[in-house]
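Every read-out reported here was derived from the displayed coordinates using simple, explicitly stated rules and does not represent laboratory data. Everything numeric in this text was worked out from a predicted model, so none of it was measured. Here Cβ is always computed from backbone atoms with ideal geometry, including for glycine, and neighbour counts include all displayed protein chains.
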Ligand SMILES: Nc1ncnc2c1ncn2[C@@H]1O[C@H](COP(=O)(O)OP(=O)(O)OP(=O)(O)O)[C@@H](O)[C@H]1O
Ligand SMILES: [Mg+2]
């Protein structure tokens, strides 16, 4: 029957997960909620503090005569970043970025599709959820040696691991968002004769968007972790591989430079999704 | 004035089956609503008012019994004939007021009836707020917005579930007057659920009093005050008399069965 009892099946992803309230199985609303610096003055003071911290670090390292192999000086890292960027860092960066995005796109697409599926067919949830939970809780880097046996040394094993790290995060958050859609809003749509597809497009999806974005953000951060981790374990290419390489040669300035690049990438991901969230989901406070 | 029957409810029962228990939310409910009539449903919390309304809207099927709209058996929502107004204004927070009002048109893939929308916005005092987001509107404005959204579809029947329940007393009176103004103009058939007995008497032609567990129609009160009604009506002895007698009914049914 077209009009099955709505109120009877107000779905709740949380009750099966055992956790109530907050922002679903993975609550990272706190990360997304850090207040943004406003105005030139505030931004300038934040930057000024950063410069002070870095300068202080530099001087402490000079005064304490710390050797470069123990802790590289900020200036030497910055210098290496500028002089060696195109020769030492550009290629591994592109390799990491490429595998990361391929993994993210594949993982997020499958994750979103599964989220839609379990929303439309709530009965499937109990069959899919256990695997999702296992995937979320197991570090995907651990799979790399095994995947490499199967798929060799190329990009494939890494892309698979990254997809497996990002997909479940996107799925679990999106599904929670879809399901948490207010039952009255769904009823409203139905009372105007909305089809299941229209309900998704006009109500469920926009309603879930903040959660979906959070899923993408956390998924991406997990994905980056997996990408770099896989390169460290799997050898061959990417920024993770460079970290191992430079540290084994005790080239700590270069090591620091790679670390800075990885961190910048991570912060970039965070900022991007924060921006997207502010732009497209600002109604959700 | 002889009026046709708009809504005919025949022996409707609704049983909720949950894992732990079975709730008879509505039991053997039979009544009808005439064209252009304003019916209010009152009763203690949990007595099945919302359940009844959802059965009338086609949003969920009755466990047994039938609902006919204009003689036609109701099996699913009738978006062109029945409008639903919910307890929360239910405006989508990511859409502006006007985009919310346009939503049903988009769902039905019909052009927006600008003339009607404009007129309704005018009556609702929402002119100039079309591009505001619900978060920027007051509770009363949001409720008026949701009523405009429903009326813009020009339904024959308006089902309202405690639309003013969350508002303060003053705003509520204002909204009651607004609703009567609209109703006197359009003569929609309205079934209006409320907790407030005085609101029911003030608005309705007839008040259905429900008693809980199982939810039954325990009494029907005809309210024959002349229209248009003035807000001071609620201080008249006759009004207070009706209020007291319904109140005794609702209270009595609550303590009588709830032990
Ligand atoms: N989806 C549901 N599953 C199980 N029981 C339900 C469900 N919806 C309502 N009930 C039960 O049915 C009874 C009637 O509920 P209903 O919401 O219709 O009452 P109401 O008169 O609208 O109450 P209120 O005035 O508080 O809104 C209540 O006992 C309630 O617990
Ligand atoms: Mg109710």
ask   = Gap in Å between the Cα centre of region B:32-91 and the Cα centre of region A:52-119?
value = 60
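Take A:264, A:176, B:63 and order them by how many other Cβ atoms sit within 10 Å, fewest up front.
On the way: A:264 12, A:176 25, B:63 17.
Ordered by Cβ neighbours within 10 Å, fewest first: A:264, B:63, A:176.
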key: Average partner coverage of B:50-59, which counts Cβ from other chains inside 10 Å   = 3
task = For n ≥ 4 DSSP H runs only, could you compute -39500 (n - 2.57) per run for chain A, divide by its residues and tell me the 222 nm figure to the nearest 500?
result = -23500 deg cm²/dmol
query = In terms of the ratio Rg/(2.2 N^0.38 Å) built on C-alpha atoms, what value belongs to chain A?
reply = 1.20
ask   = Hey, what angle do you get for helix B:237-257 against the long axis of chain B, alpha-carbon based, 0 to 90 degrees rounded to 10?
value = 60
message = Can you tell me the orientation of helix A:252-280 relative to chain A, as the angle in degrees between its alpha-carbon axis and the longest Cα principal axis, to the nearest 10?
response = 30
ask   = Using the alpha-carbon centroid of each, what span in Å lies between region A:161-179 and region B:96-149?
value = 36
ask   = Convex hull volume of the Cα atoms in chain B, per residue, in Å³?
value = 143
task = Using a 10 angstrom cutoff on alpha carbons, build the Gaussian network for chain A and name the most mobile of A:248, A:174, A:191.
result = A:191
message = Cut-off 10 angstrom, C-alpha nodes, Gaussian network model of chain B. Which of B:68, B:195, B:230 fluctuates the most?
response = B:230
request  = Return the Cα extents of the protein assembly as shown along principal axes one, two and three, sorted largest first, each rounded to a whole Å.
outcome  = 97, 53, 51
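Can you list the equivalent-ellipsoid semi-axes of region B:121-259, largest first and in whole Å, using the square root of 5 times each Cα gyration tensor eigenvalue? Don't skip to the end; give the middle numbers.
Details: eigenvalues 168, 59, 43 Å².
The answer is 29, 17, 15 Å, longest axis first.
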remark   = Most exposed to least, judged by fewest other Cβ atoms within 10 Å, A:99, A:166, A:87 sort to A:87, A:99, A:166
task = Using the number of other C-beta atoms within 10 angstrom as an exposure proxy, rank A:70, B:221 with the fewest first.
result = A:70, B:221
remark   = Helix A:205-234 sits off the longest principal axis of the Cα atoms of chain A, rounded to the nearest 10 on a 0 to 90 degree scale, by 40
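Relative contact order of region B:1-85, please, whole-number percent, based on alpha carbon pairs below 8 angstrom and at least 6 residues apart. Could the numbers behind the result be given before it?
Details: 137 pairs, mean separation 29.1, N = 85.
The value is 34 percent.
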ask   = If eta is 1.567 mPa s and T is 4 °C, what Stokes-Einstein diffusion coefficient results for region A:200-261, Kirkwood Rh from Cα pairs, in µm²/s?
value = 95
query = Taking a temperature of 10 °C and a viscosity of 1.306 mPa s, what whole-number D in µm²/s does Stokes-Einstein yield for region B:174-256 with Rh from Kirkwood over alpha carbon pairs?
reply = 117
query = Under the definition of partner shielding as Cβ atoms of other protein chains within 10 Å of a residue Cβ, what is the mean value for peptide B:86-95?
reply = 5
Within chain B, helix-based [θ] at 222 nm, where runs of 4 or more DSSP H residues each add -39,500 (n - 2.57), nearest 500 = -11000 deg cm²/dmol
key: Percent antiparallel among DSSP beta bridges (both partners in the protein assembly as shown, rounded to 5)   = 55
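Other chains near B:14-25: what is the mean number of their Cβ atoms within 10 Å of each residue's Cβ? Show your work: numbers first, answer last.
Working: counts 1, 0, 3, 2, 1, 0, 0, 0, 0, 0, 0, 1.
Mean shielding by partner chains, rounded to a whole number: 1.
Looking at chain B only, what percent of DSSP beta bridges run antiparallel? Nearest 5 please.
Once the DSSP bridges in chain B are tallied, antiparallel ones form about 55 percent.
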message = Using a Gaussian network model on chain B with a 10 Å cutoff between Cα atoms, which of B:116, B:97, B:158 fluctuates the most?
response = B:116
